[in-house]
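Here the structure is laid out as structure tokens; the discussion comes afterwards.
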Amino acid sequence: MNSYRPPNKEHIDNHMMKMEVNLDDISGEWLGYVMDMLFNAGANDVFYTPIYMKKNRPGVLLQLLCREEAIEEMKEILLRETTTLGIRYYPLTVHRMERVFTKVDTQWGTVTVKQGIRNGEVFQSSPEYEECRQIAEDHSIPLKRVYEEVWSQLQTRD
């Protein structure tokens with residue numbers, strides 16, 4: 001498994017690639033398997049979009065974002081694990097914001113919150129889903145209540 005992660009400070013990354021394939025003859029289970037393989041191989045992002053192909057056949061557009069050095073490994077996975085006969089790929093520039101992680105104490109436990117920073121100010125906050133889900137399950141409360149508590153605690157900090 002590749003552990004490449006971009007630096008946490010804001011930067012422009014000019015060495016990214018977007019790869020995509022159209023698929024009209026692959027099961028949903030296989031798509032999930034392929035997604036896991038691509039992420040494990042170092043893809044930065046993988047997503048699917050429903051599309052209509054020639055002769056109005058429903059299909060899926062699989063797209064991924066990876067660093068330039070990973071192209072061959074991603075191509076190998078796509079050709080080996082999907083039904084595609086061709087791969088499109090092209091260079092892409094990504095503007096990444098600075099990221100910091102903070103902890104928020106709720107009445108049920110601590111939740112990690114990822115925050116986006118631009119020009120020295122927080123512009124985005126995102127509680128870690130798995131931690132919120134675990135709290136909701138452990139305390140038999142609605143997930144949205146956990147999120148509300150995290151947002152409330154974040155606002156009292158401002």
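The values are calculated or read from the model by the stated rules, or taken from the named source; none is laboratory data. Quick caveat: nothing in here was measured; it's all calculated off a predicted structure. Reconstructed Cβ throughout: ideal geometry from the backbone, glycine too, with neighbour counts over all protein chains shown. Heavy atoms of the whole protein, side chains included, go into the accessibility calculation; ligands, DNA and RNA do not. Shrake-Rupley method; radii C 1.70, N 1.55, O 1.52, S 1.80 Å.
Of the cross-linked pairs K9/K103; K54/K114; K75/K103; K18/K114, which ones have a Cα-Cα span greater than 31 Å in the structure shown?
K54/K114; K75/K103
Estimate the FRET efficiency between F123 and D36 by the formula 1/(1 + (r/R0)^6), using the beta-carbon distance for r and 30 Å for R0, to the nearest 0.05.
That pair, F123 with D36, gives E of 0.45.
Expressed as a whole number of Å, what is the distance separating the alpha-carbon centroids of region 102-145 and region 36-81?
Between the Cα centre of region 36-81 and that of region 102-145, the gap is 30 Å.
Which distance in nm do the two modelled labels at I87 and E69 give, with both placed 7 Å along the Cα-to-Cβ direction?
About 1.7 nm, to one decimal.
What number comes out for the charge environment of I87, summing +1 per Lys or Arg and -1 per Asp or Glu over other residues with Cβ under 14 Å away?
Neighbour charge sum, excluding I87 itself: -1.
So for the chain, averaging the separation of alpha carbon pairs under 8 Å that are six or more residues apart and normalising by length, what relative contact order in percent results?
Relative contact order for the chain comes out at 24 percent.
What does the charge count around L78 come to, taking other residues whose C-beta lies under 14 Å from its C-beta (Lys +1, Arg +1, Asp -1, Glu -1)?
-2
Quick check: net charge around M53, other residues with Cβ under 11 Å of its Cβ, Lys/Arg +1 and Asp/Glu -1?
It works out to a net charge of +1.
Hey, what's the chain come to in accessible area per residue, 1.4 Å probe, Å²?
63 Å²
Which ³J(HN,Hα) values, rounded to whole Hz and listed in residue order, are derived for region 105-117 from phi using the Karplus coefficients 6.51, -1.76 and 1.60 in 6.51 cos²θ - 1.76 cosθ + 1.60 with θ = phi - 60°, glycine and proline given as x?
8, 10, 5, 10, x, 8, 10, 7, 10, 8, 10, x, 10
Please find the FRET efficiency linking L61 to D13, where r is the Cβ-Cβ separation and R0 is fixed at 30 Å, and quote it to the nearest 0.05.
0.85
Percentage of Cα-Cα pair distances in the chain greater than 20 Å, rounded to whole percent?
In whole percent, the share of Cα-Cα pairs in the chain beyond 20 Å is 62.
Within the accessible area of the chain, what % is carbon and sulfur when the probe is 1.4 Å and the other protein chains stay in place?
49 percent
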